1. Looking at the stretch 139-157 only, could you name the residues that are surrounded by fewer than 19 Cβ atoms within 10 Å (Cβ to Cβ), part of a helix (DSSP H, G or I) and not charged (D, E, K, R)?
2. Applying the selection to the stretch 221-246, what residues are within 12 Å of residue 69 (Cα to Cα) and in a loop (DSSP other than H, G, I, E, B)?
3. Just the residues that are farther than 29 Å from residue 290 by Cα and assigned to a helix (DSSP H, G or I), please, taken from the stretch 162-189.
4. List pairs: first in the stretch 263-278 and open to solvent by 40 Å² or more (accessible area, probe 1.4 Å), second part of a helix (DSSP H, G or I) and among the acidic types (Asp, Glu), Cβ under 7 Å, 6+ apart or cross-chain?
5. Need pairs with beta-carbon distance below 9 Å; first residue within 12 Å of residue 113 (Cα to Cα) and within the stretch 83-96, second charged (D, E, K, R) and surrounded by fewer than 24 Cβ atoms within 10 Å (Cβ to Cβ); sequence gap 6+ or separate chains.
6. Considering each residue of the stretch 53-66, count those that are surrounded by fewer than 18 Cβ atoms within 10 Å (Cβ to Cβ) and touching a residue at least 60 places away in the same chain (Cβ under 8 Å), and give that number.
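The values are calculated or read from the model by the stated rules, or taken from the named source; none is laboratory data. What you see is a predicted model; the values in this text were computed from it and never measured. Backbone-built Cβ (ideal geometry, glycine too); neighbour counts: all protein chains shown. Ligands, DNA and RNA are excluded from the accessible area calculation, which covers all protein heavy atoms including side chains. Shrake-Rupley method; radii C 1.70, N 1.55, O 1.52, S 1.80 Å.
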Amino acid sequence: MATAASAQEITLRSSDTHPDGYPTVEAVKFMGEVLKEKTGGRIGVQVFASHQLGEEKETIEQTKFGVIDLNRVNFAPMNGIVKATTVACLPYIFTSKENMRAVMDGPIGEDILKAFEPAGYVGLAVYDSGARSFYNSKKPITSIDDLKGMKFRVIQSDLFVDMVNALGANATPMAYGEVYSGLQTGLIDGAENNWPSYESSKHYEVAKFYSLDQHSQCPEVLMMSKISWDKLTPEDQTAVREAAKESVGKMRELWDAQEAKSRKVVEDAGAQINEIDPAAFVAAMDPIYAKYADTPELQDLVKRIRDTQK
């Protein structure tokens, strides 16, 4: 009995606000399977999806105190806690999905993950959250001038408000659940989000012009409570890190499939998609970078990312 008990597992409780079946949720489940295999069944992961353990802000605090072991959150709510995450959320910092992934898989991504530790977390892996672009009910956005005077819903974030205002539009912070009716009634002209959100929210029904400026690719992080981490042996810590890294490929495979499926749904429904030359949009972001990348360390991270694009 004692042998059986000792071979039995540590169950790491993991939180995610996304629903069951969502790429990040399935990736953490996959990590749990890999971890079980690596530890001979001693360590597993139980994923609590659909914000069962709370919204991101609450779960971030619970993770710090070891109430939750693992947590998948967006970089954005971590910006005030782990300053390095701010850089990956700056508008137009990445030139493409491929650029974002290459940066996050390399030394820059590792440095950002290491910055979680002094704040009481262990950064394990970086996932995608898609590229956010503008959509609206009026016209295709083909140049920065097209945005002037238009009202766009943004998430309740100073960075997003400042970004939209810097582009000459009027930022309107609004709860996600109110966007459809806001578009329908003309309270707002448009909003911004990624392919799966544009499709699943059915916003394409009331805002059929989707313009691919890809202004934000702020990633997601899978992190662990430092308290929970310190309870593991060095060997088990290595297994957790390796399993988390292996889950990134699974997440991306699921995400890419979801994006392609969502794009097909909205195109089949008559949404009009157009590309944008982002040069003027990027140039308008100088004051945003000055405000949010406001330390030598953050400015160095910006430079390092831009150097990957040369």
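1. none
2. 231, 232
3. Within the stretch 162-189, 177, 178, 179, 180, 181, 182, 183, 184, 185 meet the criteria.
4. 265/199; 273/267
5. From the stretch 83-96, the pairs are 83/297; 84/111; 84/114; 84/297.
6. 2
Quick grid of which residues meet (1) charged (D, E, K, R); (2) outside any strand (DSSP E or B):
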| position | (1), (2) |
| --- | --- |
| 92 | no, yes |
| 98 | yes, yes |
| 102 | no, yes |
| 111 | yes, yes |
| 123 | no, no |
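Here's the yes/no breakdown for (1) at pLDDT 95 or above; (2) of a type in the set (S, T, N, Q); (3) farther than 25 Å from residue 9 by Cα:
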position	(1), (2), (3)
215	yes, no, yes
219	yes, no, yes
222	yes, no, no
234	yes, no, no
243	yes, no, no
247	yes, yes, no
256	yes, no, yes
275	yes, no, yes
287	yes, no, yes
